[in-house]
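Trainee: Just dropping this structure here.
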Amino acid sequence: MLKLLKKLLIFLVLMYVLYALTRSYVVCGGAISIIVLALILVNVLKRSSEEPAYENYFFYECFTDIECMQNISMDWDDATIDHDNVIVALVVLIASKIVNKFILGLHKSVIRIICINTYIFLMIVWITDKVYMFYHRLSTACPNPSCQRKFKLPVYECDRCQVKHRRLTPGKYGVLKRRCQCNNIMPSTFFNGRGKLKSYCPYCGWELSGDTSSKQFTIPVVGPPSVGKTCYINMAIHSLMENTAPSKQWNISFANSSEQKEYDTVIEAMKKGYKPAKTDFDSLTAYQLMMKIPTDSISRRIYLYDIAGEQFTRSGAVLENKAFSYVNGIVFLIDPLSIDEIRYQAEENANTLEYGISSIEFDDVLDVMLNNFDTMLKNRRMNVTINNNFAVVINKMDVPLINEQIGNSAAEKFLQENKQCRSIVEAQSILCREFLMKYRGNFVRKIEYKFKNVKYFACSSLGHCNNGQAYAGINVENPLLWILSMSDNGIKMM
Ligand SMILES: Nc1nc2c(ncn2[C@@H]2O[C@H](COP(=O)(O)OP(=O)(O)OP(=O)(O)O)[C@@H](O)[C@H]2O)c(=O)[nH]1
Ligand SMILES: [Mg+2]
Ligand SMILES: [Zn+2]
Ligand SMILES: [Zn+2]
């Protein structure tokens, strides 16, 4: 901060001196622009560390060539002076001086012109690449559970010799492209295909998958153990791929084949009526989906995190998940049967054990999560609003008692009776909020105080609880679509 202030002060003083000298805003502005561009150039060249690539001729070699020519030219001069006949020596000296100096001068001028143009081009491309990245909010997060760092520039690999380039950016190795040590030409900006190269996390070396020139969205699914997070994530992906994507002409696919395989196994089992296994305490499963919208050339990468519910039962464990510091939104799952009053009522008509009731209060999970958030965001003041989107999702809507109150039929009825309500999602949000206010008013007040955007949803990750009968999620995609639409203008929920 102090450094920045110092730079700003120097900049202001410089502007003042320049203006005092020239009395012209145009000259002053021009001079400042040149200084800023020169500083950027110096910075770009300084930061392009030693890479396994050939340096561009106009960044270093051209100057050694000029030096070499100068030396040869001096040698020539000496050779002509050494001649026996004075007149011949003089004629040769004059001729050689003229030819020599002319050729050297011409060479120097051509090189200088090309150099200046190359540097200006470099600065333009460098700035455009940065603006492109900033404007499209391009970034990547490491899927390695023990790393999870977020970064703008991965390490790229040459597809011919597999050598790694740590700073594949416009610089001394080339402006738009560079020549690898194996002579392979590699693109060095996001807008000419750098994102398609094989890449790695710069912090831990984990292999990345999918296009790294894409916008990134991180959505963790949070909730106590057995609330239905794993069922929810798999069914939500299924619904996004099978229903939402075809209707909106989106193209959604897995970023890598191992995640696709893992998902296929779970979803095939769920279609046969088998539930997924419990999530390991230590493991963090991140599904990465690549999404392409026909109207936009930039693809989106959606990270969905499945975290074992136990991590939210002890303070501090969640902190190990760095992904929380850059999430776009949170899907907070609630098991309505974990509310005693509801469970007692449900037990009168059904065997609630079949619903795999979550034994931990979601209120407590929220407290652990908020504490971690405050630590993670270095925001110790509990009264500061968190800018994230918070989707409160009441799961297990298939339980008859719940369905009657917040299910799709109840929401449709509410929509018809309340003309000011715009959609069924809106109607369901109001019903779910009323439902939670009735049983857990404090929870609602706390999240609405803490989070900027809160919306309520009702869904069923399984659709029913009859083992052996194909499971099918209900309303599962809505919370994800809402978070995506809140974070990206190009994505519409309806
Ligand atoms: N009836 C019904 N039961 C559900 C639904 N979703 C989940 N369940 C039940 O809840 C159990 C736990 O689901 P999981 O998805 O494994 O829960 P989890 O939140 O991932 O649990 P942890 O991995 O332990 O944190 C399932 O085995 C089902 O019995 C649902 O929509 N309806
Ligand atoms: Mg799980
Ligand atoms: Zn190579
Ligand atoms: Zn990493």
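The values are calculated or read from the model by the stated rules, or taken from the named source; none is laboratory data. The model shown is predicted, which means the values in this text are computed figures rather than measured ones. Note: ideal-geometry Cβ built from the backbone for every residue, glycine included; neighbour counts use all protein chains shown.
Trainee: Under 6 Å by Cβ, and 6 or more places apart or on different chains, what pairs join a residue from region 285-308 that is of a type in the set (Gly, Ala, Ser) with one that is surrounded by 19 or more Cβ atoms within 10 Å (Cβ to Cβ)?
Mentor: Qualifying pairs under 6 Å: Ala286/Pro143; Ala286/Tyr303; Ala286/Tyr305; Ser299/Asp211; Ser299/Ser214; Ala308/Thr279.
Trainee: Right, next: Looking only at region 145-163, count how many residues are away from ligand 4 (no atom under 14 Å from the Cβ) and under 25 Å from Tyr303 (Cβ atoms).
Mentor: 2
Trainee: Quick one: Ser461 ticks every box in (1) touching a Gly at 6+ places or on another chain (Cβ under 6 Å); (2) farther than 18 Å from Pro220 by Cβ bar one, so which box is it?
Mentor: (2)
Trainee: Is at least one residue of region 204-221 more than 20 Å from Leu289 (Cα to Cα), in contact (Cβ under 8 Å) with a residue 24 or more places away in the chain, in the same structural domain as Thr118 (by TED's automatic domain parsing) and outside any helix (DSSP H, G or I)?
Mentor: Start the filter on region 204-221 by keeping residues that are more than 20 Å from Leu289 (Cα to Cα), which leaves 204-205.
So of that shortlist, the ones also in contact (Cβ under 8 Å) with a residue 24 or more places away in the chain come out as 204-205.
Right, trim to in the same structural domain as Thr118 (by TED's automatic domain parsing) and you get 204-205.
Among the residues that remain, those that are also outside any helix (DSSP H, G or I) are: 204-205.
Among the residues of region 204-221, at least one is more than 20 Å from Leu289 (Cα to Cα), in contact (Cβ under 8 Å) with a residue 24 or more places away in the chain, in the same structural domain as Thr118 (by TED's automatic domain parsing) and outside any helix (DSSP H, G or I), which makes the answer yes.
Trainee: Kindly evaluate Tyr156 against the criterion of being crowded, with 22+ Cβ neighbours inside 10 Å, more than 17 Å from the chain's Cα centre (by Cα) and under 27 Å from Leu37 (Cβ atoms). I'd like the intermediate steps shown before the answer.
Mentor: Numbers: crowded, with 22+ Cβ neighbours inside 10 Å: yes; more than 17 Å from the chain's Cα centre (by Cα): no; under 27 Å from Leu37 (Cβ atoms): yes.
Answer is no for this residue.
Trainee: From the residues in region 223-244 that are more than 23 Å from the chain's Cα centre (by Cα) and of a type in the set (Gly, Ala, Ser), which one is nearest to ligand 3 (Cβ to nearest atom)?
Mentor: Once the filter is applied, the top-ranked residue is Ser239.
Trainee: Assuming Asn466 fulfils every condition listed in (1) at pLDDT 95 or above; (2) more than 35 Å from the chain's Cα centre (by Cα); (3) not in a helix (DSSP H, G or I) apart from one, which condition is it?
Mentor: Tallying (1) at pLDDT 95 or above; (2) more than 35 Å from the chain's Cα centre (by Cα); (3) not in a helix (DSSP H, G or I), Asn466 fails exactly one: (1).
Trainee: Residues in region 36-56 that are modelled with pLDDT of 75 or more and surrounded by 14 or more Cβ atoms within 10 Å (Cβ to Cβ): how many?
Mentor: 6
Trainee: Among (1) part of a loop (DSSP other than H, G, I, E, B); (2) of a type outside the set (Val, Ile, Thr); (3) surrounded by 18 or more Cβ atoms within 10 Å (Cβ to Cβ), where does Leu366 come up short?
Mentor: Going through (1) part of a loop (DSSP other than H, G, I, E, B); (2) of a type outside the set (Val, Ile, Thr); (3) surrounded by 18 or more Cβ atoms within 10 Å (Cβ to Cβ) one by one, Leu366 breaks only (1).
Trainee: Restricting the search to region 394-438, which residues are in contact with a strand residue (DSSP E or B) (Cβ under 6 Å, 6 or more places away or on another chain) and either of a type in the set (Val, Ile, Thr) or in a helix (DSSP H, G or I) (or both)?
Mentor: Ile394, Ile406, Gln428, Ser429, Cys432, Arg433
Trainee: Among the listed residues Leu104, Leu197, which satisfies the condition of being among the hydrophobic types (A, V, I, L, M, F, W, C), assigned by TED's automatic domain parsing to the domain that holds Met69 and within 16 Å of ligand 3 (Cβ to nearest atom)?
Mentor: Of Leu104, Leu197, the one residue that is among the hydrophobic types (A, V, I, L, M, F, W, C), assigned by TED's automatic domain parsing to the domain that holds Met69 and within 16 Å of ligand 3 (Cβ to nearest atom) is Leu197.
Trainee: Quick check on region 143-167: of everything there that is touching a residue at least 24 places away in the same chain (Cβ under 8 Å) and closer than 14 Å to Ser213 by Cα, which residue is nearest to ligand 1 (Cβ to nearest atom)?
Mentor: Among residues in region 143-167 that are touching a residue at least 24 places away in the same chain (Cβ under 8 Å) and closer than 14 Å to Ser213 by Cα, the one nearest to ligand 1 (Cβ to nearest atom) is Lys150.
Trainee: Moving on to the next point. How about region 230-281: which of its residues are outside any helix (DSSP H, G or I) and within 16 Å of ligand 1 (Cβ to nearest atom)?
Mentor: Taking region 230-281 and keeping what is outside any helix (DSSP H, G or I), we get 249-256, 272-281.
Listed by number, the residues that qualify are Lys272, Gly273, Tyr274, Lys275, Pro276, Ala277, Lys278, Thr279, Asp280, Phe281.
Trainee: Further question on the same structure: Here's a check for you: in region 249-284, which residue that is away from ligand 2 (no atom under 16 Å from the Cβ) and touching a residue at least 60 places away in the same chain (Cβ under 8 Å) is nearest to Asn467 (Cα to Cα)?
Mentor: Gly273
Trainee: Also, quick follow-up: How many residues does region 249-270 contain that are in contact with a His (Cβ under 9 Å, 6 or more places away or on another chain) and more than 25 Å from Ala141 (Cα to Cα)?
Mentor: Number of matching residues: 2.
Trainee: Going by the structure shown, is Ile237 in the same structural domain as Phe332 (by TED's automatic domain parsing), at negative phi, β-branched (Val, Ile, Thr) and touching a Leu at 6+ places or on another chain (Cβ under 8 Å)?
Mentor: Spelling it out, Ile237 is indeed in the same structural domain as Phe332 (by TED's automatic domain parsing), at negative phi, β-branched (Val, Ile, Thr) and touching a Leu at 6+ places or on another chain (Cβ under 8 Å).
Trainee: Something else: Out of (1) crowded, with 18+ Cβ neighbours inside 10 Å; (2) in contact with a Pro (Cβ under 7 Å, 6 or more places away or on another chain); (3) closer than 24 Å to Arg300 by Cα, what's the single condition that is false for Phe190?
Mentor: Going through (1) crowded, with 18+ Cβ neighbours inside 10 Å; (2) in contact with a Pro (Cβ under 7 Å, 6 or more places away or on another chain); (3) closer than 24 Å to Arg300 by Cα one by one, Phe190 breaks only (2).
Trainee: Related question: So which of Ile72, Ile116 ends up being under 36 Å from the mean Cα position of the chain (by Cα) and either modelled with pLDDT of 80 or more or in the same structural domain as Leu176 (by TED's automatic domain parsing) (or both)? Please lay out each step first, then the result.
Mentor: Working: Ile72 fails: under 36 Å from the mean Cα position of the chain (by Cα).
Within the list Ile72, Ile116, the selection yields Ile116.
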